[in-house]
Structures are given as C-alpha cells and as structure tokens.
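Laboratory data are not the source of any read-out in this text; all were calculated from the coordinates shown. This one's a predicted model, so the numbers in the text were calculated from it and none came from an experiment. Neighbour counts are summed over all protein chains in view; Cβ atoms, including those assigned to glycine, are modelled from backbone coordinates with ideal geometry.
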Amino acid sequence: MAQLFAEGVEEGGLRCRFLALRALRIRPCLGCGQCARPPHACPLSGDDAEALFTEIMAAKLVFWAAPVYFYGLPAHAKSCVDRAQRFWNDPPSGPARPAVAGLVAGRPRGEQLFTGATLGLRYFFPLLGRELAETRCWRGMEEPGDWQKEENGCSRAESVRQWGRQWAQRLTEDADRATP
Ligand SMILES: Cc1cc2nc3c(=O)[nH]c(=O)nc-3n(C[C@H](O)[C@H](O)[C@H](O)COP(=O)(O)O)c2cc1C
C-alpha cells in the first residue's frame, strides 16, 4: 500500500522516501522512566529509532501503512510508537504537519477492527510534531491480489494511487499559497 500511495504522490510531482519498519532495528521501550527527566534521552537510543523520528519530523507528509494484527498495530510499528514516549515530557513546538494512515485487516467485518491501531497512531504522531489528518481502512485484505478488487468503480490499488495524487496536489497548493 505504501508503494501505491508513493506512486500517486510521485505522479503528483513530489518525491517520496520509502522506509520499511521491518528493516529497521527498533528495540522495544522498557518503561524505565529515564526519558521523563531532562535531557529526555532514551537509554536504548543506539538503534534506528532516533533516525526514524528525525525523518518523520522533517517530512512534509508522512504516510503510514500498517496491517491490523490482533486488533492493533503489528509489533514493529508498535515498538516505534512506544519509543516516542521519550517526547512525552519534551514535545516539539510549532504547528503540526500532517500524517496519513492506511490500514488493512483480514476480517471483512467488525466495528472496532481499526480502533486500536487508529488510536495508537493518533496519540503517537503529535509527539513528533504531526497530526493524524486522515485514515483510510480496507477490510478483507489477505493477499496482495486483494488490491485488484473493485470498489466504487476502480480497483483498490488505483484508489490508493489517487489518494497519493490528491495529497501531493494539496501539499503543492498549500506551498503555492504560502509563497508571496
Ligand atoms: C499475527 C497476525 C494477527 C492478525 N490479526 C488480525 C486481526 O486481529 N484482525 C484482522 O482482521 N486480521 C488480522 N490479521 C490478518 C492481517 O490483518 C491481514 O492478513 C493483512 O492483510 C496482513 O498484511 P501483511 O501481509 O502486510 O502482514 C492478522 C494477521 C497476522 C499475521
């Protein structure tokens, strides 16, 4: 899904950087409490978490793609979310930039299917100076071929590409408006 969204963004004229959380080394938060005190540093910070946070804070837009595992985020994503705890007592200042999430789940039904993952991300992003501006969710997703299923007159894959194009357009228009 991240690849499809990135294709749309690039068709819309912006460049993307793709990061696979599974390829990063992010150790899980141990709740030691050290980051609650100045300088709010994490004793685990020799891994890839800080570099990832720097990228997330610097980007114009962050698109976060994740499957639902046991009604929440998968372990790699959850480790990353938990490590942002170090910003709880030292949050970045300034206006929040947007983040967008695309979630998939295997089950075709379930009122609360995306609630856990969505709430986790909603409270994670502000710690990195972002707000979760939009979330879209797809159910009944078990294999890559499910992206070819038709919905509202086009494939799910094409609707993700369109979504990326729309965001690229929106960011470009915002930048044009901000230019004197
Ligand atoms: C460990 C695990 C837990 C899962 N838990 C759920 C779940 O709670 N609800 C659900 O609808 N699907 C669940 N699924 C199915 C996945 O959401 C679905 O297969 C998704 O498309 C997997 O994406 P991936 O191939 O990128 O991991 C689970 C799959 C795995 C492997």
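Angle of helix 115-124 to the longest C-alpha principal axis of the chain, folded into 0 to 90 degrees and rounded to 10: 50°. The angle between the Cα long axis of helix 2-11 and the main principal axis of the chain comes to about 70°, on a 0 to 90 degree scale. Within segment 43-99, the trypsin sites (Lys or Arg not before Pro) that combine a DSSP coil assignment with at most 15 other C-beta atoms in a 10 angstrom radius are LYS60. Output the 0 to 90 degree angle, nearest 10, between the alpha-carbon long axis of helix 49-58 and the longest principal axis computed from the alpha carbons of the chain. Helix 49-58 sits at roughly 60 degrees to that axis. Could you estimate the translational diffusion coefficient of the chain from the Stokes-Einstein equation, with Rh from the Kirkwood formula over C-alpha pairs, at 4 °C and 1.567 mPa s, in whole µm²/s? After rounding, the answer is 74 µm²/s. Taking the helices alone, the chain has a mean residue ellipticity at 222 nm of -11000 deg cm²/dmol, built from -39,500 (n - 2.57) per DSSP H run of at least 4 residues and averaged over all its residues.
Sequentially through segment 60-69, phi angles give Karplus couplings (6.51, -1.76, 1.60; θ = phi - 60°) of 5, 9, 10, 10, 10, 10, 7, x, 8, 10 Hz, Gly and Pro residues having no value and appearing as x. In order along segment 162-169, phi translates into HN-Hα couplings of 4, 4, x, 4, 4, 5, 4, 4 Hz, rounded to whole numbers, per the Karplus curve 6.51 cos²θ - 1.76 cosθ + 1.60 with θ = phi - 60° and x for Gly and Pro.
Of the beta bridges in the chain, as assigned by DSSP with both residues counted there, near 20 percent are antiparallel.
The gain in end-to-end length when the MET57 to ALA96 segment is fully stretched comes to 13.1 nm, 0.36 nm per residue minus the alpha carbon separation.
Taking every C-alpha pair closer than 8 Å and separated by at least 6 residues, the mean separation divided by the residue count of the chain gives a relative contact order of 30 percent.
Scanning residues 5 or more positions from ALA65 or on other chains, those with amide H under 5 Å from its amide H are GLY102, with H placed 1.01 Å from N in the peptide plane. Along segment 81-90 the Karplus relation, 6.51 cos²θ - 1.76 cosθ + 1.60 evaluated at θ = phi - 60°, assigns HN-Hα couplings of 4, 5, 5, 5, 4, 5, 8, 4, 9, 8 Hz to successive residues, with x for each Gly and Pro.
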